[in-house]
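**Q** This is the structure, below, for whatever I ask next.
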Amino acid sequence: MERDVTGIDAIGRTAFAVATLRAAEHRIPEGLFTDPYAERFLRAAGDVLGPRHRAQAFVTLMRTQAVVRTRFFDDHLRAAAERGCRQVVLVASGMDSRPWRLEWPAGTTVFDVDQEPVLRFKSAVMEDHAGLDTATRRAVPADLREDWAARLRSEGFRDDLPTAWLIEGLLYSLDEQASDRLLATVSGLSSPGSTLAFDHFEVGPSLRAATDRISPGLTRLWQTGPTDPAAWLHRHGWQPDLHELADVAARFGRTPHPAYNPGPQTEGRSWLAAATLA
Ligand SMILES: C[S@@+](CC[C@H](N)C(=O)[O-])C[C@H]1O[C@@H](n2cnc3c(N)ncnc32)[C@H](O)[C@@H]1O
């Protein structure tokens, strides 16, 4: 059944683009994870992404980045849960189905933070699957450029507990100052033992050109994010653990599209990171 996508803006619609990549991975037997919900979100969203041929070109370009990061963050969050962390925040969660898809230990709360129309759509699609989530899910409609800490607290977030934060698929749509404000808020809410996982990439000329051919509208959404992710983390008291996307992908037997690989001129690096509060 199609659900209402009214009010989901251009940046919100990128969540469906990521769902396309996860749905493609779900369909292959040797996939790095399963995500039966991605297809469900896409079916419910109708033709929100435009022509199908564009979607296929997009999958070819972006699939490895998205699926490798998904698996990397799945492993990271499972490890945090095994260490006893019971509070997870998915910042800009889009169509991330981890509240349902991952097996959470009893007593875990997953906060699902995104724009209100995105969460309204997601909750409507998933309402038929109530009870499949092993964590308590709290939807937190918020604009991350405003005071979202108050919104998170009002949904029961506790800053005296360690938190596993995930910022996936977001940083490259922020500028340097917005990335700093975001991390200042996350850090102010984090008690010792908290972890922060995120992906980031520099939008180099190859990636920009490749994406422009598929969707100039998407390229227009990209900004710099934190230009030096290690320094960004240090400034806010986090101990960085940065990995090149290509290295993590190789561990899973995958190779990112060349547009994501640092060429000889280091024209566009891509990272996956899991930092701890120092
Ligand atoms: C590329 S999607 C990534 C979604 C998800 N993290 C994933 O990897 O599947 C980017 C998400 O960021 C959200 N987003 C971007 N800017 C935001 C803002 N200012 N406030 C709240 N959410 C925002 C969008 O609504 C969208 O769901």
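**Q** Normalised by the number of residues in the chain, what is the relative contact order in percent for Cα pairs under 8 Å and 6+ residues apart?
**A** 19 percent
**Q** Something else now. Please check which bits of the stretch 216-237 a label hung off Asp175 would reach, taking the label as a point 7 Å along Cα-to-C-beta and the cut-off as backbone N under 15 Å.
**A** 221-227
**Q** Still on this model: Could you pull out every whole DSSP H run in the chain that spans at least 24 Å of Cα extent along its own axis and averages -1.0 or higher on the Kyte-Doolittle scale?
**A** Within the chain the helices that satisfy the rule are 10-26, 52-82.
**Q** Size of the dipole of the chain about the Cα centre, Lys and Arg at +1 and Asp and Glu at -1 on the beta carbon, nothing else charged, in debye to 20?
**A** Computed charge dipole of the chain: roughly 440 debye.
**Q** When a footprinting reagent is the concern and you count Cβ atoms within 10 Å, what order do Met1, Met95 take, fewest first?
**A** Met1, Met95
**Q** Would you order Thr70, Thr219 from fewest to most other beta-carbon atoms within 10 Å of each residue's own beta-carbon?
**A** The order, fewest Cβ neighbours first, is Thr219, Thr70.
**Q** Here is a follow-up. Quick one: net charge of Leu170's neighbours, Cβ under 12 Å, K/R +1, D/E -1?
**A** Value of the local net charge: -2.
**Q** With a cut-off of at most 13 other beta carbons within 10 Å, and DSSP calling the residue loop, which trypsin sites (Lys or Arg not before Pro) in the stretch 43-116 qualify? Please list them.
**A** Arg83
**Q** Going 7 Å from the Cα of Arg43 along its beta-carbon direction, which residues of the stretch 102-134 have the amide nitrogen within less than 13 Å of the resulting point?
**A** 125-126, 128-129
**Q** Along the positive direction of the dipole of the stretch 10-277 (beta-carbon charges: Lys, Arg +1; Asp, Glu -1; about the Cα centre), which of Thr60, Ser173, Thr276 reaches farthest?
**A** Value computed over the given set: Thr60.
**Q** I need the GluC sites (Glu not before Pro) found in the stretch 141-241, filtered to DSSP loop residues with at most 12 other beta carbons within 10 Å of theirs.
**A** Answer in residue order: Glu146.
**Q** Give me Glu116, Glu30, Glu103 ranked fewest to most by other Cβ atoms within 10 Å of their Cβ, as a rough exposure proxy.
**A** So the residues, fewest neighbours to most, are Glu30, Glu103, Glu116.
**Q** Further question: Considering only DSSP states other than H, G, I, E and B, which trypsin sites (Lys or Arg not before Pro) in the stretch 102-156 qualify as loop sites with at most 15 other Cβ atoms within 10 Å?
**A** Arg145
**Q** Please give, to one decimal in nm, the separation of the simple spin-label points placed at Thr134 and Leu161, each 7 Å out from Cα toward the Cβ.
**A** Taking the simple label geometry, Thr134 and Leu161 are separated by 1.7 nm.
**Q** Can you give the relative contact order of the stretch 64-130 as a percent, counting alpha carbon pairs under 8 Å and 6+ residues apart?
**A** 32 percent
**Q** Here's something else I'd like to know. Compute the length gained on full extension between Thr255 and Arg54: take 0.36 nm times their separation in residues and subtract their Cα-Cα distance, giving the result in nm to one decimal.
**A** 70.2 nm
No lab work stands behind these numbers, since they all come straight from the coordinates. The model shown is predicted, which means the values in this text are computed figures rather than measured ones. Counting neighbours? That spans all protein chains shown, and the Cβs are built from the backbone with ideal geometry, glycine included.
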